[in-house]
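These notes are about the structure you will find just below.
The values are calculated or read from the model by the stated rules, or taken from the named source; none is laboratory data. In this text, all values refer to a predicted model and were calculated from it rather than measured experimentally. FYI the Cβ positions are ideal-geometry reconstructions off the backbone, even for glycines, and counts take in every protein chain you see. Ligands, DNA and RNA are excluded from the accessible area calculation, which covers all protein heavy atoms including side chains. Shrake-Rupley method; radii C 1.70, N 1.55, O 1.52, S 1.80 Å.
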Amino acid sequence: MLKRLDFNGNPHVGVYCRANNKIAFVQPFLPEKDLKEIEEALKVKVIELTVGGSSIVGSLVAMNSNGIVVTDFIEEDELAIIEKNFKGEILILDDKFNAAGNNILANDYGAIVHPSMKDETVKKIEKALDVKARKSTIAELNTVGMAAVATNKGILCHPKIKDDEKKLLEETLGVKAKIGTVNHGMPYVGAGVVANEHGAITSINTTGVELGRIEDALDLIG
């Protein structure tokens, strides 16, 4: 299922929400109606969360079915919410590039990470998410989590992705990658889409053509 929804008037839904196939962590203070929309579209349990007091959960958290990676300025009470609702591995990301959602693109088959992350950090990410991780850019951007959105069924990428980047992305994450935009031409699709195997959410500004590309890339048709 694909739904168009803004979060309190903000179209960058991928910045404020992060989901796997069972749960979605979302910024606090969304209307009950919007929380139900997220629940229905993604078929998940929705949990309100801040990270370090910030609502940009999608930028600060990366996750798949096996694990969660979260920035190291998360507070104890926030970490307790994650631990209560998620039974997999949890990694506190101690790295200069610690905005996990911005700097990690992952599904259950692999992960692409910011090319300047420390090698020891990459190994910890591999262990937490239980996947092979590779350093790369997407469209020559280091913030790979904002340049694409990935599920176990497909990847939607920044339209200027290079051929060698696309090849590595598909090899590492094990699914096909296709290009698209959101929010009437915005190329940072990771900032504008929240997705899992069941569905996706994007802004009300996203055009019909863009919706078609999202459905196609993430295999949501049918």
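Kindly indicate the residue of segment 1-27 that is open to solvent by 10 Å² or more (accessible area, probe 1.4 Å) and of a type in the set (Gly, Ala, Ser) and also farthest from residue 51 (Cα to Cα) among those meeting that condition.
Residue satisfying both the conditions and the ranking: 9.
Looking only at segment 154-165, how many residues end up being surrounded by fewer than 19 Cβ atoms within 10 Å (Cβ to Cβ) and not in a loop (DSSP other than H, G, I, E, B)? Write out each step before concluding.
Of segment 154-165, the ones surrounded by fewer than 19 Cβ atoms within 10 Å (Cβ to Cβ) are 159-160, 162-164.
Among the residues that remain, those that are also not in a loop (DSSP other than H, G, I, E, B) are: 163-164.
Matching residues across segment 154-165 total 2.
With respect to residue 132, is the statement that it is surrounded by fewer than 22 Cβ atoms within 10 Å (Cβ to Cβ), within 17 Å of residue 65 (Cβ to Cβ) and out of contact with any Gly (no Cβ under 7 Å at 6 or more places or on another chain) true?
No: the conditions fail for residue 132.
Look through 145, 180, 174, 192 and report the one residue that is open to solvent by 10 Å² or more (accessible area, probe 1.4 Å) and not charged (D, E, K, R). First the steps, then the outcome.
Details: 145 fails: open to solvent by 10 Å² or more (accessible area, probe 1.4 Å); 180 fails: open to solvent by 10 Å² or more (accessible area, probe 1.4 Å); 192 fails: open to solvent by 10 Å² or more (accessible area, probe 1.4 Å).
When all the criteria are applied, what remains is 174.
Which pairs have Cβ atoms under 9 Å, sit 6 or more apart or on different chains, and link a residue in segment 46-64 that is crowded, with 23+ Cβ neighbours inside 10 Å to one that is assigned to a strand (DSSP E or B) and of a type in the set (S, T, N, Q)?
51/71; 59/71; 60/54; 60/71; 61/71
Here's a check for you: in segment 195-222, which residue that is part of a helix (DSSP H, G or I), open to solvent by less than 60 Å² (accessible area, probe 1.4 Å) and touching a Gly at 6+ places or on another chain (Cβ under 8 Å) is nearest to residue 154 (Cα to Cα)?
Looking only at segment 195-222, we keep the residues that are part of a helix (DSSP H, G or I), and these are 208-217.
Among the residues that remain, those that are also open to solvent by less than 60 Å² (accessible area, probe 1.4 Å) are: 208, 210-212, 214, 217.
Add one more test, that the residue is touching a Gly at 6+ places or on another chain (Cβ under 8 Å), and what stays is 210, 214, 217.
On the way: 210: 15, 214: 10, 217: 6 Å.
Selected residue: 217.
If you take the residues in segment 67-94 that are open to solvent by less than 10 Å² (accessible area, probe 1.4 Å) and under 19 Å from residue 118 (Cβ atoms), which one is farthest from the chain's Cα centre (by Cα)? Steps first, please.
Filtering segment 67-94 down to residues open to solvent by less than 10 Å² (accessible area, probe 1.4 Å) leaves 67-71, 78, 82, 93.
From what's left, under 19 Å from residue 118 (Cβ atoms): 67, 69-71, 93.
On the way: 67: 13, 69: 11, 70: 12, 71: 14, 93: 16 Å.
Across segment 67-94, the extreme among qualifying residues is 93.
Please list, ordered by first then second residue, the pairs with beta carbon atoms under 7 Å, 6 or more apart or interchain, first in segment 108-124 and within 19 Å of residue 59 (Cβ to Cβ), second among the basic types (Lys, Arg).
Going by the 7 Å Cβ cut-off, the qualifying pairs are 112/134; 113/135; 115/135; 117/135.
If you take the residues in segment 8-25 that are among the aliphatic types (A, V, I, L, M) and in a helix (DSSP H, G or I), which one is farthest from residue 61 (Cα to Cα)? Steps first, answer last, please.
Kept after step one, since they are among the aliphatic types (A, V, I, L, M), are these residues of segment 8-25: 13, 15, 19, 23-24.
The next check asks that each one be in a helix (DSSP H, G or I); those that pass are 13, 15.
Values: 13: 14, 15: 10 Å.
Only one residue fits best here, namely 13.
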